[in-house]
1. (1) within 26 Å of Ile141 (Cα to Cα); (2) touching a Ser or Thr at 6+ places or on another chain (Cβ under 8 Å); (3) without any contact (Cβ under 8 Å) to a residue 24 or more places away in the chain: which one isn't true of Leu206, the others all being true?
2. Kindly indicate which of Gly58, Gly35 is modelled with pLDDT of 90 or more, assigned by TED's automatic domain parsing to the domain that holds Leu105, closer than 30 Å to Leu171 by Cβ and not polar (S, T, N, Q).
3. Of the numbered conditions (1) touching a Ser or Thr at 6+ places or on another chain (Cβ under 8 Å); (2) surrounded by fewer than 20 Cβ atoms within 10 Å (Cβ to Cβ); (3) part of a loop (DSSP other than H, G, I, E, B), Gly21 fails exactly one; give the number of that condition.
4. What are the pairs, 6+ residues apart or on separate chains, where a residue within the stretch 171-187 that is within 11 Å of Leu206 (Cα to Cα) has its Cβ under 8 Å from a residue that is among the acidic types (Asp, Glu)?
5. Just to be sure, is Ser70 crowded, with 22+ Cβ neighbours inside 10 Å, small (Gly, Ala, Ser) and either within 23 Å of Ala16 (Cβ to Cβ) or at pLDDT below 90 (or both)?
6. Exactly one condition in (1) surrounded by 13 or more Cβ atoms within 10 Å (Cβ to Cβ); (2) out of contact with any His (no Cβ under 6 Å at 6 or more places or on another chain) is false for Lys212; which is it?
7. Filter the stretch 215-237 for residues that are of a type outside the set (D, E, K, R) and touching a residue at least 40 places away in the same chain (Cβ under 8 Å); which is surrounded by the fewest Cβ atoms within 10 Å (Cβ to Cβ)?
8. Going by the conditions given, is Glu9 of a type in the set (Asp, Glu), within 21 Å of Asn130 (Cα to Cα) and surrounded by 17 or more Cβ atoms within 10 Å (Cβ to Cβ)?
Amino acid sequence: MEKSEKISEIIVDMLASKLLGKKSIAIMYCGAVEGVARHLETILRISLGETNIIAISGDYAHNMLLPYISDFVEYTILLSSSRSQGCVNRVRQTLRLLGADLLTLLSKPLQELASYAIAEYKDTIEIDENLYRLSINLANIKLGLRIGAESRRIKRMEGETQISNIAKDVLEAYSKAVEATERCSIVVTTHSLLSIGEELSDIGYLYTTVDKVDMYTRFADSIALFYTTAEEHIVREVLTSIRAHPAYKHITYVKINTDPLTAPLYGLLLALYMRLKKLIAIGKSQVMI
């Protein structure tokens, strides 16, 4: 947790001065990191007011949009999972040719075929895969506090950025939910908690979002449902649509009772705890996260 806090400070220090005064910012993502990209998009929309913010798939942007939007996008942030470096290289090379101002947040370990390209770009931060989503979600909130302090909604999150102080309490409060989730055959999240589903998918859990749950319940006999208090009405609507499925009788409700902007931090603490337990269970307790 302390390591994530330090990484988040490095990210904020690099981004804060770059983003202020920009009229248009693009957030591009390669691989299973859409959750952190959407979280950053939301924070920046609240913090920067009239600035135009777009979050978009890196491959889609590369194939369809980059030549057409490069003239008015003043800064780009590129996010990636460790298994999507082909996408990262394509997007970075094109942005470089277009003269774009760019910061890349890379998840490592890096594939050998892509590592040669890292040295070409000075504005790059490499983050351990196990801490990637937590570090960036934390950086997103700290960035909002740094550049959007006038926003009342941003300001009230300040007490929740010291995650090393709250981790133990969070794990204790949700210990039963974690144990039940580990026995479930599918994990379902709302869109504000997308990064939690992506984190659990990385360690082998079948995962989908609430709007697609009806397509997946036929493969499931039990569901772990992650959502925030603000999204209870969405959850009720979804549950109505799957009442006939057997899995409906075996749902573990994991309600994160905080502001939807800070909820991913709490959910990711639980997901990282599950990751660590899984590593220990298969005899890799020496692996540090």
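1. Failed condition: (1).
2. Values: Gly58 fails: closer than 30 Å to Leu171 by Cβ.
On inspection, the qualifying residue turns out to be Gly35.
3. Failed condition: (1).
4. Ser185/Asp221
5. On the way: crowded, with 22+ Cβ neighbours inside 10 Å: no; small (Gly, Ala, Ser): yes; either within 23 Å of Ala16 (Cβ to Cβ) or at pLDDT below 90 (or both): yes.
In short, no.
6. Single failed check for Lys212: (1).
7. Filtering the stretch 215-237 down to residues of a type outside the set (D, E, K, R) leaves 215-217, 219-220, 222-230, 233-235.
With the extra rule that they be touching a residue at least 40 places away in the same chain (Cβ under 8 Å), the set shrinks to 224, 226, 234-235.
Numbers: Ala224: 26, Phe226: 30, Ile234: 16, Val235: 19.
Among them, the one singled out is Ile234.
8. Numbers: of a type in the set (Asp, Glu): yes; within 21 Å of Asn130 (Cα to Cα): yes; surrounded by 17 or more Cβ atoms within 10 Å (Cβ to Cβ): no.
For Glu9, the condition - of a type in the set (Asp, Glu), within 21 Å of Asn130 (Cα to Cα) and surrounded by 17 or more Cβ atoms within 10 Å (Cβ to Cβ) - is not met.
The values are calculated or read from the model by the stated rules, or taken from the named source; none is laboratory data. Bear in mind that the values here come from a model prediction, so they are computed numbers and not experimental data. With ideal geometry, Cβ positions are generated from the backbone for all residues, glycine too; neighbour counts draw on all protein chains shown.
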